[in-house]
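Chemist: Here it is: the structure, laid out below.
The values are calculated or read from the model by the stated rules, or taken from the named source; none is laboratory data. Remember, it's a predicted structure, so these values are computed and weren't measured experimentally. Quick reminder, even Gly has a Cβ in these numbers, built from the backbone with ideal geometry, and neighbours come from all protein chains shown. Accessible surface areas use protein heavy atoms only, side chains included; no ligands, DNA or RNA. Shrake-Rupley method; radii C 1.70, N 1.55, O 1.52, S 1.80 Å.
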Amino acid sequence: MSRTPLVAGNWKMHGSTEMTAGLVAEIAAGAANLAGVEVLVCPPYPYLAQAVSLAGSVSVGAQDVCDQAGQGAYTGEVNGAMLKDIGCTHAIIGHSERRQFYGDSNELVAAKFIATQAAGLVPVLCIGEMLEERESGNTENVLAAQLDAVVQAAGIEAFADAVVAYEPVWAIGTGKTASPEQAQEVHAFIRGRLADKDATIAARLRILYGGSVKPGNASELFGCPDVDGGLIGGASLKSEDFLAICQAGAGA
Ligand code: 13P
């Protein structure tokens, strides 16, 4: 089963109009020369429309989305239809920083996943364990609970048009990356759990790795059989580094 790798940049809360102009133009120019990899950038909300206008063949996604599909009295929220309207194609859902700091429970993440697809966007569903969960041998239980909440709410069919990102919380922004063996073991677990429900959908699903991916470790990680690209934080803020990681995706 061949899956085209996806390399996605999550800018988190970094950006300005000036930075967006430079970074997206450079990434778009570099990505135009790459075959065999899809590239996605996810700037903060205020810069999405600007990014879309500069992105060329690069896709643009949001870092979150409201769980409510329709318009209404939800002050401060942005729904999927608005993101679609301005040209976004993806939304990151359930990032560990949302789960940790903004109360995104498994149930809320599942609702956001459904709302994202209802708007015609592809959800990038993030799951991952904390260090103490890994150390106490609970990695698979945590990941299963995060995944199952979405499968139960949305149905396995919904994963035919979704992306999953495995982001061990202990590897995010820490410079500690999961070893290729650790990443492969977890990715195979995720795919296997979904394959129990639908083997074809699981075989086609792209599962990205995120957590301190850099130009120096990307090829090794992306070379794992169940790793289909990456979700990149810090290194997505420098076009040279991000494009080197995209290049590793193209070569995987
Ligand atoms: P870093 O690449 O900075 O570790 O961040 C990973 C991440 O959280 C991407 O969503």
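Chemist: Do we find that residue 62 is surrounded by 22 or more Cβ atoms within 10 Å (Cβ to Cβ) and touching a Gly at 6+ places or on another chain (Cβ under 9 Å) in this structure?
Modeler: Spelling it out, residue 62 is indeed surrounded by 22 or more Cβ atoms within 10 Å (Cβ to Cβ) and touching a Gly at 6+ places or on another chain (Cβ under 9 Å).
Chemist: Is it true that residue 16 is in contact with a strand residue (DSSP E or B) (Cβ under 6 Å, 6 or more places away or on another chain), under 25 Å from residue 96 (Cα atoms) and hydroxyl-bearing (Ser, Thr, Tyr)?
Modeler: No; evaluated as a whole, the condition is false for this residue.
Chemist: Follow-up question, since we're still on this one. Residues in region 230-252: is at least one open to solvent by 10 Å² or more (accessible area, probe 1.4 Å), in contact with a Pro (Cβ under 8 Å, 6 or more places away or on another chain) and at pLDDT below 95?
Modeler: Scanning region 230-252 turns up at least one residue that is open to solvent by 10 Å² or more (accessible area, probe 1.4 Å), in contact with a Pro (Cβ under 8 Å, 6 or more places away or on another chain) and at pLDDT below 95.
Chemist: I need every pair where a residue in region 107-127 that is free of Cβ contacts under 8 Å to residues at least 60 places away in the same chain has its Cβ under 7 Å from the Cβ of a residue that is assigned to a helix (DSSP H, G or I) and polar (S, T, N, Q), sequence separation at least 6 or different chains.
Modeler: Close Cβ pairs (under 7 Å, with a partner that is assigned to a helix (DSSP H, G or I) and polar (S, T, N, Q)) amount to 123/116; 123/117.
Chemist: Turning to a different aspect of this structure: Could you tell me whether residue 124 is modelled with pLDDT of 95 or more and over 23 Å from residue 42 (Cβ atoms)?
Modeler: Here the answer is no, as residue 124 does not meet what is asked.
Chemist: Here's a check for you: in region 65-110, which residue that is hydroxyl-bearing (Ser, Thr, Tyr) and surrounded by fewer than 16 Cβ atoms within 10 Å (Cβ to Cβ) is nearest to the ligand (Cβ to nearest atom)?
Modeler: For region 65-110, the residue satisfying everything is 102.
Chemist: Right, next: Quick one: in region 190-219, of everything that is touching a strand residue (DSSP E or B) at 6+ places or on another chain (Cβ under 9 Å) and part of a helix (DSSP H, G or I), which residue is surrounded by the fewest Cβ atoms within 10 Å (Cβ to Cβ)?
Modeler: Among those residues, the one meeting the criterion is 191.
Chemist: Oh, and also: I'm checking my understanding of the structure. Among residues of region 136-170 that are surrounded by fewer than 22 Cβ atoms within 10 Å (Cβ to Cβ) and within 11 Å of the ligand (Cβ to nearest atom), which one is farthest from residue 4 (Cα to Cα)?
Modeler: If we take residues in region 136-170 being surrounded by fewer than 22 Cβ atoms within 10 Å (Cβ to Cβ) and within 11 Å of the ligand (Cβ to nearest atom), then 170 is farthest from residue 4 (Cα to Cα).
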